[in-house]
1. Rounded to the nearest 0.05, what FRET efficiency is calculated for Lys194 and Met1 with R0 set to 41 Å and r the Cβ-Cβ distance?
2. Show me the trypsin sites (Lys or Arg not before Pro) within segment 42-106 that DSSP assigns to loop and that have at most 13 other Cβ atoms within 10 Å of their Cβ.
Amino acid sequence: MLTGLRFVGMAIGPVGGGTVPTKWISGRFFPAVTFLLLALSLVPLVHGVRQFRMMDQLRTFGLLMFAAAMAGLVLAMAWGRAGWVPIQGMPDHYALLSVPGLCAAYFAWILYGSEPIRNWITICFAIAALLALPFNVREGNAWRSWYVAGMLSFEEDFSTGLSWQELGDKHYKFLLHWNRDALVERMKMLHDAKVGPLGKAVPAHTSPPSEMDPTSPSSLR
C-alpha cells in the first residue's frame, strides 16, 4: 500500500514519492492529495457516460479504460517494488509512468465536470502543483549536484587508467549500488562492443605495457 501510494504521489513530482524532507509532507500529504485528485475524476467520467451523446460516450469509455489501465499499473508497481521502495524511496523517473494518470484526471474534469465544480477542481490541481514546486526544485538541484560530483569523480579515475575492478569498487555505490559485479561486467561488455569512451579504453590490468601506447595498432583494435 505504501509503495502504491508513493507511486501515485510521484505524479506531482519527487515530493510525492516520499524522498523529500519533511517526510510527513512528501510521504503522506502530497500522495494523499494526488490520490484524491485521481479518485475524484471518476465523478465526471461517470457523468459523461450517462449524459452525453454517443461520440462523447465513446471518448469517455476510452478514458475509463485508461483509468483502469492506470489502476492496474499502480497495483503492479506496488506489488513489484514493495521490497525496497518503503526503505529507499521511489526513484524520480517513475514520475514518467504516473503523470499521465493525473493529466487524464484533469482533462476528465475539463470535458465533463459541471462548470462551478470543474473550476474549483482545476484550481485545486493548480494549487497542488504550485505547493509542490519549491520542494521539487530543491530536490532537482540536489540530484544535479550529486550526479555531477559522482560523474566527475568517475571520469577522473577512469582517465587515470584504473582497472574495471577498481572502478567498480570505488564507484558502484554511485553507478549501480545494488550490484557491484554487474557493473564491472557491463563496463567490460561496453569495452568489448567498442561503445563510447569505455570502448576506447585499454584497462591497465588486461593490457601489456606495449598496448598502452594509443598509437599502436593493437590499442586501436
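Each reported figure results from applying straightforward, stated rules to the coordinates on display, with no laboratory input. All values reported here derive from a predicted model rather than from experimental measurement. Glycine gets a Cβ as well: all are built from the backbone with ideal geometry, and neighbour counts include every protein chain shown.
1. 0.30
2. Arg53
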